[in-house]
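Here is the structure we will look at, set down as structure tokens.
Throughout, read-outs are computed from the coordinates displayed, never taken from laboratory work. Remember, it's a predicted structure, so these values are computed and weren't measured experimentally. All Cβ positions, even for glycine, are placed from backbone atoms using ideal geometry, and neighbour counts span all protein chains on display.
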Amino acid sequence: MSATAVKTFALNRKARFSYHIVDTIESGLVLKGSEVKAIREGKINIAESFVLESKGELFLYNALISLRAESKHFGHDPLRWKKLLLHNRQIPT
């Protein structure tokens, strides 16, 4: 993969079918090491996920990142909320 290539790890096709998407925002996520490795292996499901605002920050809820076999004992909570990394001007008020 070249340095400029972008790989998509998860899409929510059902949301695009069921709703009229007016605007999209690209953001980062705060992840643990075991979550990063699981996402690279394609073990993510965002079909039931949603974003909520709390104290001026946005969080992703119900995004399932499955545990890897190698990280079962020291892994992560598969359904924990993840903080979205956005600039203040990108957060809707």
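Step through the residues of region 15-27 one at a time and calculate ³J(HN,Hα) from phi using the Karplus curve (6.51 cos²θ - 1.76 cosθ + 1.60, θ = phi - 60°), rounding each to whole Hz and writing x for Gly and Pro.
In residue order, the calculated couplings are 5, 5, 7, 7, 10, 8, 7, 8, 8, 10, 10, 8, 9 Hz.
At a 10 Å Cβ-Cβ cut-off, how would you order Phe59, Phe50, Phe17, fewest neighbours first?
Numbers: Phe59 17, Phe50 11, Phe17 7.
Fewest to most other Cβ atoms nearby, the residues stand as Phe17, Phe50, Phe59.
For a footprinting-style exposure proxy, rank Tyr19, Tyr61 by other Cβ within 10 Å, fewest first. Intermediate values should be presented prior to the final figure.
Values: Tyr19 9, Tyr61 13.
So the residues, fewest neighbours to most, are Tyr19, Tyr61.
Find how much the distance from Asp77 to Arg13 grows on full extension, using 0.36 nm per residue of separation minus their present alpha carbon separation; answer in nm with one decimal. Mind dumping the intermediate values first?
Values: separation 64, 0.36 × 64 = 23.04 nm, distance 2.47 nm.
Result for the pair: 20.6 nm of gain on full extension.
Please compute the modelled spin-label separation between Leu67 and Val22, points set 7 Å along Cα→Cβ, answer in nm with one decimal.
Roughly 4.2 nm, to one decimal.
Can you give me the long-range amide H partners of Leu58? Hydrogens built in the peptide plane at 1.01 Å from N, cutoff under 5 Å, separation of 5 or more residues or another chain.
It is Leu84, by chain and number.
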